[in-house]
1. Looking at 35, 77, 52, which is the one that is surrounded by 18 or more Cβ atoms within 10 Å (Cβ to Cβ) and either in contact with a helix residue (DSSP H, G or I) (Cβ under 6 Å, 6 or more places away or on another chain) or not assigned by TED's automatic domain parsing to the domain that holds residue 169 (or both)?
2. Considering each of 95, 89 in turn, give the residue that is touching a helix residue (DSSP H, G or I) at 6+ places or on another chain (Cβ under 8 Å) and over 18 Å from residue 19 (Cα atoms).
3. Quick check: is even one residue across region 238-251 modelled with pLDDT under 85, touching a strand residue (DSSP E or B) at 6+ places or on another chain (Cβ under 8 Å) and over 30 Å from residue 173 (Cα atoms)?
4. Among the candidates 225, 202, 256, which residue alone is buried (at least 20 other Cβ atoms within 10 Å of the Cβ), more than 30 Å from residue 135 (Cα to Cα) and touching a helix residue (DSSP H, G or I) at 6+ places or on another chain (Cβ under 7 Å)?
5. Failed condition for residue 191, given (1) touching a helix residue (DSSP H, G or I) at 6+ places or on another chain (Cβ under 8 Å); (2) part of a helix (DSSP H, G or I); (3) not assigned by TED's automatic domain parsing to the domain that holds residue 48, with all others met?
6. Taking region 152-169 only, how many residues are surrounded by 16 or more Cβ atoms within 10 Å (Cβ to Cβ) and either modelled with pLDDT of 80 or more or in a loop (DSSP other than H, G, I, E, B) (or both)?
7. Return the residues of region 100-119 that are at pLDDT 90 or above, assigned to a helix (DSSP H, G or I) and surrounded by fewer than 20 Cβ atoms within 10 Å (Cβ to Cβ); say none if nothing qualifies.
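The values are calculated or read from the model by the stated rules, or taken from the named source; none is laboratory data. For clarity, every value in this text was computed on a predicted model and none was experimentally measured. For neighbour counting, all protein chains shown are included, and Cβ atoms are generated from backbone atoms with ideal geometry for every residue, glycine included.
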């Protein structure tokens with residue numbers, strides 16, 4: 001016996017919470033094992049936390065022992081940001097963010113800062129891809145790792161032409177400009193390389209910011225598909241009447257705008273009611289007007 005709609009929804013939410021946790025751990029692996037060993041700065045709120053840790057250790061001479069407290073500082077900085085963003089975020093998104101931030105903090109605190117690659121440039125690029133993939137995985141599962149991810153998604157939601165990765169890159173460049181006055185130029189140069197590759201990796205893995213145009217041609221009662229799209233996806237549908245040029249049979253065209261991560265969900269809905277439906281997806285379309293960007 002197959003799962004009912006409620007069980008399927010619970011399974012989807014469980015998987016997304018799980019991958020948000022995994023994404024936080026992946027990010028920590030990229031930072032602790034590829035960036036920290038070369039005393040580089042990962043940027044964003046984590047980079048700010050690393051900077052504060054360095055200032056406390058080197059300039060105020062606080063002894064933290066063998067523990068890297070950047071993760072704990074990162075968590076402390078996130079508290080006011082999340083409190084500010086809470087009224088503006090969906091509850092599930094907020095909970096997934098808490099899960100990701102917590103897993104990232106714990107992972108950064110316990111994953112050893114062991115050098116894996118001896119070459120600084122190679123380690124920077126690999127670490128940027130791994131950490132960017134971690135954040136992208138979290139974002140793709142409707143969560144975030146807090147900090148600049150939350151701020152970036154709020155800005156992206158308000159301004160559709162600004163991506164999360166671009167927001168992260170802008171903040172990182174400002175952060176590294178400050179680091180230029182405090183540290184060696186080589187550290188800043190490699191950190192900037194990290195920021196660029198990191199932003200690229202985030203946008204490649206983060207599909208929520210990619211608009212997709214869906215055209216569905218079906219002969220079944222369109223209200224069956226429309227009602228599920230309304231209730232489960234929260235998307236509007238434009239219905240058009242058409243006639244097949246060859247068969248001269250009446251058909252229905254459903255026009256829907258969704259984000260890339262909703263494509264699989266829409267396809268499953270359509271196939272449930274019409275296995276023979278003709279579906280066309282056009283990725284990366286420009287959208288203006290009353291279109292809801294979902295996070």
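1. 35
2. Step by step, each of 95, 89 is checked, and only 89 is touching a helix residue (DSSP H, G or I) at 6+ places or on another chain (Cβ under 8 Å) and over 18 Å from residue 19 (Cα atoms).
3. yes
4. After ruling out the rest, the residue left standing is 225.
5. Checking residue 191 against (1) touching a helix residue (DSSP H, G or I) at 6+ places or on another chain (Cβ under 8 Å); (2) part of a helix (DSSP H, G or I); (3) not assigned by TED's automatic domain parsing to the domain that holds residue 48, the one that fails is (3).
6. Count: 1.
7. Answer for region 100-119, where residues must be at pLDDT 90 or above, assigned to a helix (DSSP H, G or I) and surrounded by fewer than 20 Cβ atoms within 10 Å (Cβ to Cβ): 102, 106.
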